[in-house]
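The next block holds one structure in the form of structure tokens; read it before the comments.
The values are calculated or read from the model by the stated rules, or taken from the named source; none is laboratory data. Bear in mind that the values here come from a model prediction, so they are computed numbers and not experimental data. Neighbour counts are summed over all protein chains in view; Cβ atoms, including those assigned to glycine, are modelled from backbone coordinates with ideal geometry.
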Amino acid sequence: MKRFIFLGAPGTGKGTQASVLALKYDLPQISTGDILRKAVAEGTDLGKKAKQIMETGGLVSDDIILSLIEKRLQEADAQKGFIFDGFPRTIKQAQELDALLSGTDGISGVIYFQVDEDEIVKRLTSRRTCSQCGLNYNIITDPPPTDLKCRVCGGAVIQRDDDKEATVRNRLVVYNDKTAPLVKYYQGNDKLYTVDGAQPVQIVRQKIIDYMNRF
Ligand code: AP5
């Protein structure tokens, strides 16, 4: 069973790779960021709780995230494995995930995307996202159509609120404080595979495929 975690700072390419590899391996891409953004757009209770935290680049509480993951893991498609994109993000989330998977083979591997901070800021401030289907564009490397309508679904292509520079910088501070310790956590469990995420998208993808094929 393929159960993978894509770990890394914001903007290192987790979502870009997860969306394609989920299709390749017929696994669900479970992105807590996408789940939360959908809840915000729909104005649900969860969305109301998450909105302001996300806009300032903080982390939504572990309890909220864990209850959401526990439910998501019960869905039929998650029984064949998964790619977690942006979860876990704290040591507590990682420990609780291990507890949720106890009695199984657990996590197959953790792919850690390494990119330096200047490149991350450049990528995120130039990222544009379809507000409907979530497809990512980049005004430098992969510009959206000039009418700002998504080339796949026709939705409006926008800049995420949390991709403004001040918020990106705060997200990096939060990442270094709360999420970076997971690198050691998974290294200790001998699960970590580090990929140089600054390489071109296709090269990064091939390295991850070579790794995932071992499982
Ligand atoms: P989330 O949506 O998970 O944001 P993130 O982790 O900050 O991830 P990003 O989507 O910004 O980056 P990415 O690594 O996926 O990069 P991408 O592939 O898009 O979370 C948003 C918020 O929700 C959080 O701040 C938090 O508030 C909350 N949240 C979510 N999960 C939570 C949790 N578990 N606990 C608590 N709170 C949670 O790529 C970025 C850009 O770079 C794109 O433009 C892309 O085209 C480009 N790019 C990608 N790869 C390359 C490459 N190799 N070369 C050049 N450009 C590239």
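Side notes on the structure shown:
- Just one of (1) surrounded by 14 or more Cβ atoms within 10 Å (Cβ to Cβ); (2) at negative phi fails for Asp210. It is (1).
- Residue among Asp142, Asp62, Asp85 that is within 17 Å of the chain's Cα centre (by Cα), closer than 17 Å to Lys14 by Cβ and of a type in the set (Asp, Glu): Asp85
- Residue count for region 1-21, restricted to those that are more than 20 Å from Gln159 (Cβ to Cβ) and either away from the ligand (no atom under 13 Å from the Cβ) or not in a helix (DSSP H, G or I) (or both): 8
- Top-ranked residue in region 28-57 [being under 10 Å from the mean Cα position of the chain (by Cα) and farther than 23 Å from Thr167 by Cβ; ranked as surrounded by the most Cβ atoms within 10 Å (Cβ to Cβ)]: Ile30
- Only residues that are crowded, with 18+ Cβ neighbours inside 10 Å and not β-branched (Val, Ile, Thr) were counted across region 163-184, and they come to 5.
- Residue list for region 53-95, restricted to those being in contact with a Gly (Cβ under 9 Å, 6 or more places away or on another chain) and either at pLDDT below 95 or charged (D, E, K, R) (or both): Met54, Asp85
- Pairs, first of a type in the set (S, T, N, Q) in region 191-214, second near the ligand (Cβ under 8 Å from one of its atoms), C-beta under 9 Å, six or more apart: Thr194/Phe113
Condition check ((1) more than 8 Å from the ligand (Cβ to nearest atom); (2) surrounded by 13 or more Cβ atoms within 10 Å (Cβ to Cβ)) across all residues:
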{"position": "Glu117", "(1), (2)": "yes, yes"}
{"position": "Val121", "(1), (2)": "yes, yes"}
{"position": "Ser126", "(1), (2)": "no, yes"}
{"position": "Cys130", "(1), (2)": "yes, yes"}
{"position": "Leu135", "(1), (2)": "yes, yes"}
{"position": "Asn138", "(1), (2)": "no, yes"}
{"position": "Asp142", "(1), (2)": "no, yes"}
{"position": "Pro145", "(1), (2)": "yes, no"}
{"position": "Cys150", "(1), (2)": "yes, yes"}
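- For Tyr25: the one exception among (1) at pLDDT 95 or above; (2) buried (at least 20 other Cβ atoms within 10 Å of the Cβ): (2)
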